[in-house]
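The values are calculated or read from the model by the stated rules, or taken from the named source; none is laboratory data. As the structure is a computational prediction, the values presented were derived from the model and not from experiment. When we count neighbours, we look across all protein chains shown, and the Cβ atoms used for this are built from the backbone with ideal geometry, even at glycine. With ligands, DNA and RNA removed, areas are computed over all heavy atoms of the protein, side chains included. Shrake-Rupley method; radii C 1.70, N 1.55, O 1.52, S 1.80 Å.
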Amino acid sequence: MTQAYVTSKIEKQIATIEFFHPAHNSLPSDILAKLADTITETGQNDDVLVIILKSGGDRTFCAGASFKELISIQNETEGEAFFSGFANVINAMRKCPKFIIGRVQGKTVGGGVGLASSMDYCMATKYASIKLSELNLGIGPFVVGPAVQRKIGVSGMSQIAIDANTFYSPNWALQKGLFTKVFETTEELDEAVNKFAQNLCAYNPEAVKHMKQMFWRGTEDWDQLLIERAKISGKLVLSSFTKEKLKRFK
């Protein structure tokens with residue numbers, strides 16, 4: 001696999017949305033936009049009862065922001081637009097009236113942790129360590145922060161956000177509530193995800209819709225909040241500190 005993509009397939013009322021990028025499943029603007037649109041469209045499809053969100057490849061679920069694109073940002077407008085891509089995906093997941101089941105097969109960094117935190121039910125393998133590395137770049141996890149904090153609390157969020165150079169184990173994420181189950185192999189993970197999704201198809205879609213609204217209560221201001229956070233990140237990415245840090249990725 002060398003070309004980035006976002007795909008969606010529906011089988012027996014279960015939609016599987018998959019994204020991929022050859023750079024460790026990093027997320028440039030075009031992939032973020034496709035992902036947000038696909039989640040929104042799939043959520044509105046009456047033929048779909050459950051959504052599985054996954055990435056391609058074996059050992060990395062998502063490396064977060066595309067460094068190539070970060071380096072190319074020239075002004076605050078471009079910076080805000082890029083980080084708004086993450087905001088749009090998180091908000092699409094938040095508003096989706098269907099349960100989104102996460103399948104995290106490997107390491108997850110930055111924006112990827114935001115995606116995992118926005119799942120309604122997230123399962124992983126023993127290889128799925130997590131890291132919020134943004135502070136190390138001089139940016140900070142501002143856009144994904146509300147989603148991560150909602151899932152693992154202020155204490156857990158501040159721990160991994162401040163300790164920006166450390167990968168935290170899947171068991172740590174399990175204890176904090178980010179992951180619901182951790183499996184030894186990807187095969188075991190896939191079997192569990194598929195079986196769980198099939199079970200969810202037996203539920204009343206109206207009940208699911210109202211449960212989603214209940215679970216996400218208190219996030220109604222995120223349309224505005226996450227864009228405000230995107231502006232902060234869009235400004236910081238232009239700082240001399242961050243520009244110097246990003247030089248090593250050229």
Quick query: amide H of residue 99 versus all other amide H atoms, modeled in the peptide plane; which residues come in under 5 Å with a sequence gap of 5 or more or a different chain? 51
Could you check how much of the accessible area of the chain is carbon and sulfur, as a whole percent, using a 1.4 Å probe? 51 percent
Cα centroid separation - segment 71-127 against segment 216-234, whole Å: 13 Å
Report the extension gain between residue 181 and residue 30 in nm, rounded to one decimal, defined as 0.36 nm multiplied by the number of residues separating them, less their alpha carbon distance. 51.2 nm
May I ask you to derive the relative contact order of the chain, considering only C-alpha pairs under 8 Å and at least 6 residues apart, and to give it as an integer percent? 22 percent
Within segment 182-222, trypsin sites (Lys or Arg not before Pro) in DSSP loop having at most 11 other beta-carbon neighbours inside 10 Å: 217
Hey, what D do you get for segment 1-159 in µm²/s if you plug the Kirkwood alpha-carbon radius into Stokes-Einstein at 37 °C and 0.692 mPa s? 209 µm²/s
Over all distinct Cα pairs, what is the inverse of the mean 1/r for segment 80-160, reported as the Kirkwood hydrodynamic radius in Å? 13.0 Å
Would you look at the GNM of the chain, springs on alpha carbons closer than 10 Å, and say which of 97, 141, 205 moves the most? 205
Tell me, how many Å apart are the Cα centres for segment 1-61 and for segment 131-169? 24 Å
Between beta-carbons, use under 11 Å as the cut-off and find the net charge around residue 64, counting Lys and Arg +1, Asp and Glu -1. +1
Starting from 0.36 nm per residue, how many nanometres of slack lie between residue 9 and residue 238 once their C-alpha separation is accounted for? 78.6 nm
Kindly provide the helix-only [θ] at 222 nm of the chain, computed as the sum of -39,500 (n - 2.57) over DSSP H runs of four or more divided by all residues, to the nearest 500 deg cm²/dmol? -15000 deg cm²/dmol
Out-of-range pairs (alpha-carbon distance over 26 Å; input 34/235; 181/245; 9/68; 12/176; 34/231): 181/245; 9/68; 12/176
Expected max-MSF residue from 43, 177, 111 in the GNM of the chain (alpha carbon, under 10 Å) is 177
How big is the charge dipole of segment 47-170 about its Cα centre, in debye rounded to the nearest 20, if each Lys and Arg gets +1 on its Cβ and each Asp and Glu gets -1 on its Cβ? 520 debye
Among rounded, prolate and oblate, which fits segment 102-250 when a ≥ b ≥ c are the square roots of the eigenvalues of its C-alpha gyration tensor, a/c under 1.5 means rounded, and a/b larger than b/c means prolate? oblate
May I ask you to evaluate 6.51 cos²θ - 1.76 cosθ + 1.60, the Karplus curve with θ = phi - 60°, for each residue of segment 212-219 and list the ³J(HN,Hα) values in order in whole Hz, giving x for glycine and proline? 4, 4, 5, 5, 9, 4, x, 10
Which trypsin sites (Lys or Arg not before Pro) from segment 1-38 combine a DSSP loop assignment with at most 13 other Cβ atoms within 10 Å? 12
What whole-number value in Å² describes the accessible area per residue of the chain for a 1.4 Å probe? 47 Å²
Which FRET efficiency value, to the nearest 0.05, is calculated for residue 46 and residue 220 with the Förster distance at 35 angstrom and r the Cβ-Cβ distance? 0.90
What are the ³J(HN,Hα) couplings of segment 16-30, residue after residue, when phi is run through the Karplus curve with 6.51, -1.76, 1.60 and θ = phi - 60°? Round to Hz, x for glycine and proline. 10, 9, 10, 10, 8, 9, x, 8, 6, 6, 6, 10, x, 4, 5
Which value, in debye to the nearest 20, gives the size of the charge dipole of the chain about its Cα centre, when Lys and Arg are +1 and Asp and Glu are -1 at the Cβ? 600 debye
